[in-house]
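A.B. asks: If you scroll down you'll find the structure; I have some questions about it.
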Amino acid sequence: MTAPLRFASLGSGSRGNSTLVEWGAGTLLIDCGFSVKQANERLQRLGKRPEELTAILVTHEHTDHIKGVAAMARRYDLPVYMTPGTYHSRNLGDLPDLRLIEAYQPFEINQLLVTPVAVPHDAREPSQFVFEYAGLRLGVLTDLGSITAHVEAHYQDLDAMVLEANHDPVMLASGDYPPSLKQRVGGLWGHLSNQQAAGFLQRLDCARLQHLVIAHISQQNNSLELAQATLAPVTAEVKQVTFACQNQGFDWLSVS
């Protein structure tokens, strides 16, 4: 019997991001930072075809999240959900079915409740999301530079979560990035460090959390070992911790 809710990743990192959420009445693609060809190959690895997708949901306009969105939507006649700011930040051409997310108001897609959450990130009108179906709650939270009270309030009582741990501050400071990019990544509107992710988890009640996926791990400014070491003390309560990667993302995880 298929679980009521499951999720997987086509890839996670600065060279492309895309997450799948599947529930009893549909399959949602969150972002598509890959070409149509790459996306289809990665979908096939997860046992899905693009024709099976219900819609595409976009978090923000950075290329590693939006690269293939318009082409996928046109080729497979898919509805695309995004904020007005995200839409107007890029020339995406004609989209077959554009559905603007107004004022971060919750909405439904085939009985899946989608709650957009405003986050501090250097994009026009970025959003992360909490999904609810059959009494289960999945939160996706990447691409933000700091944890606000607003964010913290929305990501309580989850059954599963995808959370960014992008960089190690020491590696970032001593790495090859130019100073302006270091400041951007490590700033309040950039990306979460391992330590910020750990602090956030420490403040959450993780008793209900079946799955925690650590995502958007930088290949230049972080390592799996550093992320694991920093997060281990605060993830003891979580039933399963998975670390996403750029090339394979992560396989299907079922929430029940």
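The values are calculated or read from the model by the stated rules, or taken from the named source; none is laboratory data. Note that the structure is predicted; figures quoted are calculated from it, not measured. Don't worry about glycine lacking a Cβ; one is built from the backbone with ideal geometry, like all the others, and counts go over all protein chains shown. These area figures cover heavy atoms from the full protein model, side chains too; ligands, DNA and RNA do not enter into them. Shrake-Rupley method; radii C 1.70, N 1.55, O 1.52, S 1.80 Å.
A.B. asks: I need the full set of residues from the range 98-137 which are touching a residue at least 40 places away in the same chain (Cβ under 8 Å) and of a type in the set (A, V, I, L, M, F, W, C), in order please.
C.D. replies: Those that are touching a residue at least 40 places away in the same chain (Cβ under 8 Å) and of a type in the set (A, V, I, L, M, F, W, C): ILE109, LEU112, VAL114, ALA123, PHE129, PHE131, ALA134, LEU136.
Yes or no, residue by residue, for (1) under 15 Å from ILE147 (Cβ atoms); (2) open to solvent by 90 Å² or more (accessible area, probe 1.4 Å); (3) outside any helix (DSSP H, G or I):
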| residue | (1), (2), (3) |
| --- | --- |
| ASP176 | no, yes, yes |
| LYS182 | no, no, no |
| ALA198 | yes, no, no |
| GLN202 | yes, yes, no |
| SER218 | no, no, yes |
| LEU226 | no, no, no |
| GLU237 | no, yes, yes |
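A.B. asks: Based on this model, can you work out whether GLY33 counts as within 12 Å of the chain's Cα centre (by Cα) and without any contact (Cβ under 8 Å) to a residue 40 or more places away in the chain?
C.D. replies: So GLY33 passes the test.
A.B. asks: Considering only the range 145-174, state which residues are in a loop (DSSP other than H, G, I, E, B), among the hydrophobic types (A, V, I, L, M, F, W, C) and touching a strand residue (DSSP E or B) at 6+ places or on another chain (Cβ under 6 Å). Spell out how you get there, then give the answer.
C.D. replies: We begin by selecting, within the range 145-174, every residue in a loop (DSSP other than H, G, I, E, B); these are 145-148, 155-159, 165-166, 168.
Keeping just the survivors that are among the hydrophobic types (A, V, I, L, M, F, W, C) gives 147, 158, 165.
Passing the criteria: LEU158, ALA165.
A.B. asks: For the range 1-48, which positions are more than 19 Å from GLN128 (Cβ to Cβ), open to solvent by 30 Å² or more (accessible area, probe 1.4 Å) and in a loop (DSSP other than H, G, I, E, B)?
C.D. replies: Passing the criteria: MET1, THR2, PRO4, ARG15, GLY24, ALA25, SER35, GLY47.
A.B. asks: Follow-up. Quick check: anything in the range 206-218 more than 20 Å from GLY139 (Cα to Cα) and modelled with pLDDT of 95 or more? Spell out the reasoning first.
C.D. replies: Here is the first cut: in the range 206-218, the ones more than 20 Å from GLY139 (Cα to Cα) are 218.
Keeping just the survivors that are modelled with pLDDT of 95 or more gives 218.
So far as the range 206-218 goes, yes, one or more of its residues are more than 20 Å from GLY139 (Cα to Cα) and modelled with pLDDT of 95 or more.
A.B. asks: Sort out which residues of the range 141-152 are open to solvent by 10 Å² or more (accessible area, probe 1.4 Å) and either touching a residue at least 40 places away in the same chain (Cβ under 8 Å) or within 24 Å of SER254 (Cα to Cα) (or both), and write them in order of number.
C.D. replies: Going through the range 141-152, the residues open to solvent by 10 Å² or more (accessible area, probe 1.4 Å) turn out to be 142, 146-150, 152.
Passing the criteria: THR142, SER146, ILE147, GLU152.
A.B. asks: What about LEU158, is it open to solvent by less than 40 Å² (accessible area, probe 1.4 Å), closer than 26 Å to GLU22 by Cα and either free of Cβ contacts under 8 Å to residues at least 60 places away in the same chain or not small (Gly, Ala, Ser) (or both)? Working first, answer last.
C.D. replies: Numbers: open to solvent by less than 40 Å² (accessible area, probe 1.4 Å): yes; closer than 26 Å to GLU22 by Cα: yes; either free of Cβ contacts under 8 Å to residues at least 60 places away in the same chain or not small (Gly, Ala, Ser) (or both): yes.
So LEU158 fits the description; yes.
A.B. asks: For residues in the range 100-130 being aliphatic (A, V, I, L, M) and closer than 19 Å to ARG6 by Cα, which is surrounded by the fewest Cβ atoms within 10 Å (Cβ to Cβ)?
C.D. replies: Narrowing the range 100-130 to residues aliphatic (A, V, I, L, M): 100-101, 103, 109, 112-114, 117-119, 123, 130.
Still in the list and also closer than 19 Å to ARG6 by Cα: 109, 112-114, 130.
Values: ILE109: 20, LEU112: 22, LEU113: 13, VAL114: 22, VAL130: 21.
Only one residue tops the list, namely LEU113.
A.B. asks: Specify the residue that is nearest to LEU163 (Cα to Cα); the eligible residues are those in the range 239-250 that are open to solvent by 60 Å² or more (accessible area, probe 1.4 Å) and without any contact (Cβ under 8 Å) to a residue 60 or more places away in the chain. Write out each step before concluding.
C.D. replies: As a first pass, look at the range 239-250 and keep what is open to solvent by 60 Å² or more (accessible area, probe 1.4 Å): 239-240, 247-248.
Remaining after also requiring without any contact (Cβ under 8 Å) to a residue 60 or more places away in the chain: 239-240.
Values: LYS239: 15, GLN240: 13 Å.
Top of the filtered list is GLN240.
A.B. asks: Could I ask something else about it? I'd like to know if the range 186-193 contains one or more residues that are among the hydroxyl-bearing types (Ser, Thr, Tyr), more than 22 Å from ARG137 (Cα to Cα) and open to solvent by 40 Å² or more (accessible area, probe 1.4 Å).
C.D. replies: Step one: of the range 186-193, the residues among the hydroxyl-bearing types (Ser, Thr, Tyr) are 193.
Subsequent filtering for residues that are more than 22 Å from ARG137 (Cα to Cα) retains 193.
Those left that are additionally open to solvent by 40 Å² or more (accessible area, probe 1.4 Å): none.
No, every residue in the range 186-193 fails to be among the hydroxyl-bearing types (Ser, Thr, Tyr), more than 22 Å from ARG137 (Cα to Cα) and open to solvent by 40 Å² or more (accessible area, probe 1.4 Å).
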